[in-house]
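Encoded as structure tokens, the structure appears first; notes follow it.
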Ligand SMILES: C[S@@+](CC[C@H](N)C(=O)[O-])C[C@H]1O[C@@H](n2cnc3c(N)ncnc32)[C@H](O)[C@@H]1O
């Protein structure tokens, strides 16, 4: 299928479908992107146009086609220890703070984890922290990696990566410490994998069933969404965080104008957002026998 073979009408219908299905907002002139990402699927299904594809989804809503299109359209770029600063902050600020309070368990959510590099990098930092300060924290961490893409999750669950994936962001020291070579591939060691669980989740849907988290990584995914959806997701993330919980966004993403429920914590390594204490509203003085009302 050629870029210009998507009619304006089909392109509009496809943009609407994609935003409703997974929140991704396509720009005005991204026909080339749609064409290149759907090419294989269209060939396999012997469907000649994007319009026909949309018709098929409407005709056969339970065929799994919707999910395959979302899978094809998501950008899954990721690498180990992306941007470094979240991992430095975890090691130098958050884990030492937790060590003082000694909670029985620490729960961390990697909310768009792609092929798993983010949650496994978190687990590696925890491993390094526990090793450098034995006994400072109990080894009871639960890291939940979620993503909308079943293909990415399948790959994340295996914990197996090729040389190219491994070359991105991983020092040779960490590679030899945390991976075992299997022919041309490398597998994340069990001690790192054992803290991480993966499940499929569309961030547009309710995620209260995941429970409460101490730390949320929601990095490099909100950029694809509308302002309204960003606001909605940040509001719901605030509800999943424990009091004083932390939120990491991508380095090109900001919370400004989307949420006032977090304060910015600036550390020499970078920025993290912390859930503000709940406001209890203005205090109303009470006098015996007199009822005062709140505005
Ligand atoms: C660019 S990757 C970011 C991966 C990782 N967080 C990082 O920063 O390296 C974005 C991920 O968001 C996922 N995604 C896109 N829309 C989503 C949605 N509505 N719900 C959950 N995940 C979504 C994609 O499948 C993709 O794996």
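The values are calculated or read from the model by the stated rules, or taken from the named source; none is laboratory data. Please read all numbers here as calculations on a predicted model, not as lab measurements. Don't worry about glycine lacking a Cβ; one is built from the backbone with ideal geometry, like all the others, and counts go over all protein chains shown.
Of all residues in the range 160-186, which are under 22 Å from residue 109 (Cα atoms) and assigned to a strand (DSSP E or B)? Within the range 160-186, 160, 161 qualify.
Yes/no matrix, rows are residues, columns are (1) under 30 Å from residue 66 (Cβ atoms); (2) modelled with pLDDT of 95 or more; (3) touching a strand residue (DSSP E or B) at 6+ places or on another chain (Cβ under 8 Å):
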site: 130; (1), (2), (3): no, yes, no
site: 141; (1), (2), (3): no, yes, yes
site: 156; (1), (2), (3): yes, yes, yes
site: 163; (1), (2), (3): no, yes, yes
site: 173; (1), (2), (3): no, yes, no
site: 186; (1), (2), (3): no, yes, yes
site: 205; (1), (2), (3): yes, yes, no
site: 210; (1), (2), (3): yes, yes, yes
site: 215; (1), (2), (3): no, yes, yes
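Yes or no: residue 273 out of contact with any helix residue (DSSP H, G or I) (no Cβ under 7 Å at 6 or more places or on another chain) and crowded, with 20+ Cβ neighbours inside 10 Å? Considered against the rule, which asks whether it is out of contact with any helix residue (DSSP H, G or I) (no Cβ under 7 Å at 6 or more places or on another chain) and crowded, with 20+ Cβ neighbours inside 10 Å, residue 273 comes out as yes. Report whether or not residue 80 is part of a strand (DSSP E or B) and surrounded by 18 or more Cβ atoms within 10 Å (Cβ to Cβ). So residue 80 fails the test.
Restricting attention to the range 59-93, the residues that are in contact with a strand residue (DSSP E or B) (Cβ under 6 Å, 6 or more places away or on another chain) and more than 16 Å from the ligand (Cβ to nearest atom) total 1. Among the residues of the range 226-246, the one identified as touching a helix residue (DSSP H, G or I) at 6+ places or on another chain (Cβ under 7 Å) and within 9 Å of the ligand (Cβ to nearest atom) is 233. Residues in the range 15-40 that are within 16 Å of the ligand (Cβ to nearest atom) and outside any loop (DSSP other than H, G, I, E, B): 12 in all.
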